[in-house]
Structures are given as C-alpha cells and as structure tokens.
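Every number in this text was worked out from the coordinates using simple rules, so none of it is lab data. Owing to the predicted nature of the structure, the values given are computational and were not obtained by experimental measurement. Cβ placement follows ideal geometry from the backbone for every residue including glycine, while neighbour counts extend to all protein chains displayed.
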Amino acid sequence: MRMMRHQYIERDSGSIVTERLFGDRMVRLLYHGVRENSTALFRMLTSNRSSHILGLVNFDRPVLSRRAFLANCGIELSECLDPPGQLDTPRKIFERRICYGECRPMPSDPAAVVSPADARVLVGSFRETSLTFLKEKFFTFEELLGSTNALWHQSFKGGDFAVFRLTPDKYHYNHTPVAGQVIDFYAIDGDYHSCNPSAVVTVATPYSKNKRVVTIIDTDVPGGTGVGLVAMIEVVALMIGDIVQAYSSKSYDDPQPVEIGMFLEKGQPKSLYRPGSSTDILIFQEERVDFARDILENMRRTDVASRFTEGFHKPLVETDIRVRSLLGMARNSSESGRTL
C-alpha cells in the first residue's frame, strides 16, 4: 500500500490541514508487513502487554526540550491548570488538565449535543436511506456494544453515530456529550489496534475488536438533553494502557467512578485515556439527533486527501473538533438543521 498524506478540515478556520501522523512508519510496518507475514507476531504486538510496554517507552521518558516538544504538538501552556514545570514527561503532558470553562466554551442550548473530546470526527448512520450510511466501516454496532447485550442492539438499530479519533498530542480527558442518567455501564475486553487511518482502513471494523468501556445514558429524564438513549463507547488503542473513569461535576474536583444510576451533567470530565491515540464513539437512537451542518458538509468534500476516502472509496473527511463544542442538536429543537 502506497504512503499517502492524510488531511482534515480545521473547524474554526475551514482550512485544509495535512496531519503529521505519529508513528506512521511503525504503523505501516505493523499493519502492512507484520500483519501480512506473521499473524502470531501481529497478535502479540497488538496485545495488552505489548501496548503497555510501548506506552512506557514512548511516554514515560523525560522530555529533553519541553518547549520544542510542546510547540511540535501544538499545545498551549496558557490553557493548562498545572504549572509548566510539572509537565516533564510526554505522559504528564498528554494527561494535562485544562481550564475548559474558559478555553472550551459550551453551547448554552440544553438540546445541544457536544463533542466528548478534542478530536477529529466523522459521523454516520446505520440507515441505508441516509446520505451518511456507513456499513461496517469502523465497527459493527452489535459487536461494539457487546454480543450479550441484545437489548441495546434493538434500542440503537437504525440510529446514527459519531467517531472521534484522538491523536497522541490531544487533550486526553473525555467529557460528557449529553446530560442524563447512567442506566448501564460495562467493560469489554479486546485488542489494542492503532487508530491511525491506515490501520483502520486495513483492519475491518477495528473499533469493535479493541478493549472498550460502554456507558448507556438516558437523556429523556428531568434535566437531560432530550435526545433519547446515547451509548458512549471509549475505545483503547495502541499504547493506551487504561481508561480511568473520573467523573467530576465541578472542574476536576472529587473525581468519581461512573456507576449505574448516576446523573451526568453535560460537558463535565468523565474519564481519562492513558495516553497515546484512542477513539470515542457515540451512538444515538434513530431520528433523535441532527448533526451540525458544517461537519456533514466537510465529510463530503472531494478536494481533501483523506486516507479514509481512499480506503473506503467514498468521500469521508474528518473535521477537527474541540471538546464541549457543538456536535448536533436533539431533533425538533429550535436550532436543528436536518441534513442526513
């Protein structure tokens, strides 16, 4: 497979940006060399133990030139809560806390659904009649939700989804995309595949093969967003060792593990990836959400060199999105712009 650049749309400016893919040559070797020639070695390298070792080697070494490292990753120290002197390893930098109330403002409309992460997003639908129909490109939702959870398979049949790809340089806290009550919460064991676009295109439905945590939120409750049931799936990836559940209703204070029956306020810190690249997936029930128009329009652009477009043979262009910014609206709300 030839090496090609990967581009996305920067939401704030509308610019086309060429992504510098971390470890791209290593991923290419792993998924187009080792995978094809040694299945056993490939399984070992995408295992929990190997991912943990890779994480230690890459993220726990001291940063020799913090200023250069931060500049290379595009990290703004002015956003950080912790003193700059404490950010002395890649892990500490990637697990940084930010002044999200000031630097990641959130829409005030209670019907707004917001991004759970600083990430690059694609949206899709399980309905064949939808313009964003994507059949088993990134995951099969039955497998993603767990083979024994038939209730949720039925609840989300024909629904819509959003896939958020966190790159290693991103802020690694996940925030709650909606307000509502947790009605189910469980973990599913699995592998540690990379979320590099080349790896995603190469391995069929990788996100439903990786280790992940599933949170089902009922938003049709008092104080909720009113967008039905929402499944939030946090997916580990290569060099991600853990997903730490640490919900805080105020700043990052008094973090709590997520439990069934807990009410989650929208836009609050929910969990932390340790560290590396990773993926969030939101699944919505049928006809309950309208995605933001700019995200939909960006996806269909044909002037952007996306590896997803090349790999899946249809326009699929990511939008770089900030945590707590608008993803979409509950359908029939005042600001909905239905374009699916």
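Local charge sum around GLU265 (other residues, Cβ-Cβ under 12 Å, Lys/Arg +1, Asp/Glu -1)? Mind dumping the intermediate values first?
Values: positive: LYS250, LYS266, LYS270, ARG324; negative: none.
Once all neighbours under 12 Å are counted, the net charge is +4.
Can you compute 3J(HN,Hα) from phi for each residue in the stretch 147-154, using the Karplus curve 6.51 cos²θ - 1.76 cosθ + 1.60 with θ = phi - 60°, rounded to whole Hz and x for Gly and Pro?
Listing the rounded values in order: 5, 9, 9, 4, 4, 6, 4, 5 Hz.
Sort SER15, SER125 by Cβ crowding within 10 Å, fewest neighbours at the top.
With the fewest neighbours first, SER15, SER125 line up as SER15, SER125.
Amide H neighbours of VAL289 under 5 Å, at least 5 residues apart or on other chains, H built in the peptide plane: list them.
Amide H neighbours of VAL289, under 5 Å, 5+ apart: ARG331.
Suppose we keep just the alpha-carbon trace of the stretch 255-325; what are its Rg and Dmax in angstrom?
16.2, 46
Would you please give the residues with an amide H less than 5 Å from that of LYS270, counting only those at least 5 places away or on a separate chain, with H modeled from the backbone geometry?
Those qualifying (amide H under 5 Å, at least 5 residues apart or on another chain) are ASN174, HIS175, THR176.
How much length, in nm to one decimal, is gained on full extension between ASP303 and GLU10, taken as 0.36 nm per residue of separation minus their Cα-Cα distance?
104.1 nm
Could you run the Karplus curve 6.51 cos²θ - 1.76 cosθ + 1.60 with θ = phi - 60° over the stretch 252-267 and give me ³J(HN,Hα) per residue in whole Hz, x for Gly and Pro?
3J(HN,Hα) across the stretch 252-267, in whole Hz: 10, 6, 6, x, 10, x, 6, 9, 4, x, 6, 8, 9, 7, 5, x.
Could you work out the pair-distance distribution P(r) of the stretch 62-186 from its alpha-carbon pairs, with 5 angstrom bin width and percents rounded to whole numbers?
2, 8, 15, 16, 16, 13, 11, 10, 6, 3, 0
Which of the peptides 83-93, 304-314, 155-165, 173-183 is most tightly packed, and how do the rest follow, going by the mean number of other Cβ atoms within 10 Å of each residue?
173-183, 155-165, 304-314, 83-93
What are the ³J(HN,Hα) values, in whole Hz, obtained from phi via the Karplus relation 6.51 cos²θ - 1.76 cosθ + 1.60 with θ = phi - 60°, for each residue of the stretch 310-322 in sequence order, with x given for Gly and Pro?
5, x, 9, 6, 7, x, 9, 10, 7, 10, 6, 10, 9
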